[in-house]
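Q: Let me give you the structure first, and then I'll get to my questions.
The values are calculated or read from the model by the stated rules, or taken from the named source; none is laboratory data. Remember, predicted model here, so these are calculated numbers, not experimental data. Methodologically, a virtual Cβ is constructed for each residue, glycine included, from the backbone with ideal geometry; neighbour enumeration extends over all protein chains shown.
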Amino acid sequence: MFDDYDFDDDDDEVDDDDDDFDDDEDGGRRGPKRDNSLKLALGLVVFLAVVAVAAMALVVFGGGDSATSARDGAEPGRTGEIASATDTGPVGVIIADPTCTSWTTINDTLSSAGEGKWNDRDRSLPASEWTPELQQMHMGAAAVLRSAAAQAVGLAKLTPHRVMRELYEQFIAYGRAYAEKVPQYTPADNNLAEAANSAASALGAICRAIDDGSAASRGPLAPLQGPPELTATPADPTNPVPFLAAANPVCRDWRTTLRDYMAKTADWQQMDPSLAAILWNPQQKAVNVAAAQVMSTHANTIEQLGRNSGNATLQDFAILIAQYQRAFVAAIMTYTPADQHLANAAAFTSALVDSACTISGA
């Protein structure tokens with residue numbers, strides 16, 4: 001399913017397509033190019049079509065219990081209130097969230113805007129070398145990105161889940177940062193687009209897992225972990241900042257862990273995620289069972305890295321990754337295509353952390 005991914009710092013690797021928005025919505029899949037971002041290569045059944053509408057276009061064109069809460073329809077009590085402000089519990093698989101309908105609706109409107117020349121652009125070309133046509137295209141994209149980020153502010157306030165709020169905040173923060181860089185764009189600035197896209201895609205996968213029922217059916221199978229060591233104080237959602245202002249010591253181990261994970265799940269990465277477990281032959285079953293064992297260990301390692309990071313948001317993202325992986329592992333023997341959304345949520349969140357580490361200089 002995936003080509004190999006280079007886990008070295010990718011400040012100068014700007015030919016990847018992880019901020020592309022032209023994946024098929026109806027189940028088709030374009031083969032990823034070599035050196036695609038982590039979101040395409042984590043080996044977590046990142047079937048991009050599942051988030052084409054719910055994640056792709058927003059990047060450029062555009063308390064409650066953190067665990068398996070069913071607070072769909074919850075709203076802030078008054079203007080400006082953050083619904084997740086009292087959410088201090090452990091992060092888990094989210095089975096309902098009132099922001100998903102709006103998130104999907106926004107993307108339904110904007111999904112076609114990323115097609116064509118934007119996805120085909122040369123990311124290695126700095127703004128100083130743009131033609132008037134390219135400049136107009138990039139400036140237009142930046143304007144719509146700012147608009148999409150503005151719409152996400154309300155969703156950051158509305159969600160009752162702390163980790164959903166944090167994902168919205170990072171989409172806003174990295175999306176705006178990229179838009180601000182466009183007039184003087186350099187190739188390294190593409191990492192900001194990657195981070196924004198990964199945050200948006202993670203939100204999309206979480207919502208798809210809710211909509212398709214995999215979150216409700218598999219989420220309770222992932223035991224809740226202990227409470228977080230740190231809990232981020234809600235920031236002003238109108239002006240969020242990147243969660244890694246400086247390099248975090250766990251970034252190096254994070255990448256090492258991912259390299260090891262990729263190597264041990266190479267066969268599984270070639271599996272067709274649209275094939276249900278009932279249709280697996282003995283060899284396919286063996287590959288999936290082996291991958292599940294690796295994923296279970298990986299989830300524990302990633303969670304511990306998050307808890308050791310000293311960064312409340314990174315901790316929440318790490319536990320989110322671990323819990324969605326555990327839910328996916330629990331689903332292996334009765335896997336259905338809907339379960340891929342659980343793996344996607346983990347993969348895209350991992351990609352966000354990876355991009356954030358790169359941007360921070362780690």
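Q: What number goes with the only condition from (1) modelled with pLDDT of 95 or more; (2) in contact with an Asp or Glu (Cβ under 7 Å, 6 or more places away or on another chain); (3) not in a helix (DSSP H, G or I) that A235 does not pass?
A: Of everything listed in (1) modelled with pLDDT of 95 or more; (2) in contact with an Asp or Glu (Cβ under 7 Å, 6 or more places away or on another chain); (3) not in a helix (DSSP H, G or I), A235 misses just condition (1).
Here's the yes/no breakdown for (1) of a type in the set (D, E, K, R); (2) over 20 Å from P237 (Cβ atoms); (3) surrounded by 24 or more Cβ atoms within 10 Å (Cβ to Cβ):
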residue: Y168; (1), (2), (3): no, no, yes
residue: T186; (1), (2), (3): no, yes, no
residue: D189; (1), (2), (3): yes, yes, no
residue: I206; (1), (2), (3): no, no, yes
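Q: If you take the residues in region 242-288 that are assigned to a helix (DSSP H, G or I) and polar (S, T, N, Q), which one is surrounded by the fewest Cβ atoms within 10 Å (Cβ to Cβ)?
A: It comes out as Q283.
Q: Within region 257-297, which residues are among the acidic types (D, E) and within 21 Å of P337 (Cβ to Cβ)?
A: Selection gives D267, D272.
Let's see how each residue does on (1) assigned to a helix (DSSP H, G or I); (2) under 17 Å from D122 (Cβ atoms); (3) at pLDDT below 95; (4) within 19 Å of the chain's Cα centre (by Cα):
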site: A149; (1), (2), (3), (4): yes, no, yes, yes
site: A152; (1), (2), (3), (4): yes, no, yes, yes
site: L155; (1), (2), (3), (4): yes, no, no, yes
site: P160; (1), (2), (3), (4): no, no, no, yes
site: V163; (1), (2), (3), (4): yes, no, no, yes
site: L167; (1), (2), (3), (4): yes, no, no, yes
site: F171; (1), (2), (3), (4): yes, no, yes, yes
site: E180; (1), (2), (3), (4): yes, no, no, no
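Q: Among the candidates A330, A338, which residue alone is surrounded by fewer than 24 Cβ atoms within 10 Å (Cβ to Cβ) and touching a Gly at 6+ places or on another chain (Cβ under 7 Å)?
A: Answer to the check: A338.
Q: So, in region 98-130, exactly how many residues are modelled with pLDDT of 85 or more, over 26 Å from I82 (Cα atoms) and not hydroxyl-bearing (S, T, Y)?
A: Residues in region 98-130 being modelled with pLDDT of 85 or more, over 26 Å from I82 (Cα atoms) and not hydroxyl-bearing (S, T, Y): 7 in total.
Q: While we're looking at this one, here's another question. Looking only at region 65-95, how many residues end up being buried (at least 20 other Cβ atoms within 10 Å of the Cβ) and modelled with pLDDT of 55 or more?
A: So the answer is 9.
Q: Give region 185-211 a look and list any residue that's polar (S, T, N, Q) and not in a helix (DSSP H, G or I), or say none.
A: Within region 185-211, just T186 meets the criteria.
Q: Now, a different point. Taking the residues in region 289-312 that are touching a Phe, Trp or Tyr at 6+ places or on another chain (Cβ under 8 Å) and over 14 Å from Y324 (Cβ atoms) as candidates, determine which candidate is surrounded by the fewest Cβ atoms within 10 Å (Cβ to Cβ).
A: So, considering only residues that are touching a Phe, Trp or Tyr at 6+ places or on another chain (Cβ under 8 Å) and over 14 Å from Y324 (Cβ atoms), the one surrounded by the fewest Cβ atoms within 10 Å (Cβ to Cβ) is A290.
Q: Please go through region 191-209 and pick out each residue that is at pLDDT below 90 and over 11 Å from the mean Cα position of the chain (by Cα).
A: Of everything in region 191-209, just one residue is at pLDDT below 90 and over 11 Å from the mean Cα position of the chain (by Cα), namely A193.
Q: Something else about it: If you take the residues in region 131-163 that are touching a Ser or Thr at 6+ places or on another chain (Cβ under 7 Å), of a type in the set (A, V, I, L, M) and within 25 Å of S360 (Cα to Cα), which one is surrounded by the most Cβ atoms within 10 Å (Cβ to Cβ)?
A: V163
Q: Within region 239-250, does at least one residue satisfy the condition of being at pLDDT below 90 and in contact with an Asp or Glu (Cβ under 7 Å, 6 or more places away or on another chain)?
A: no
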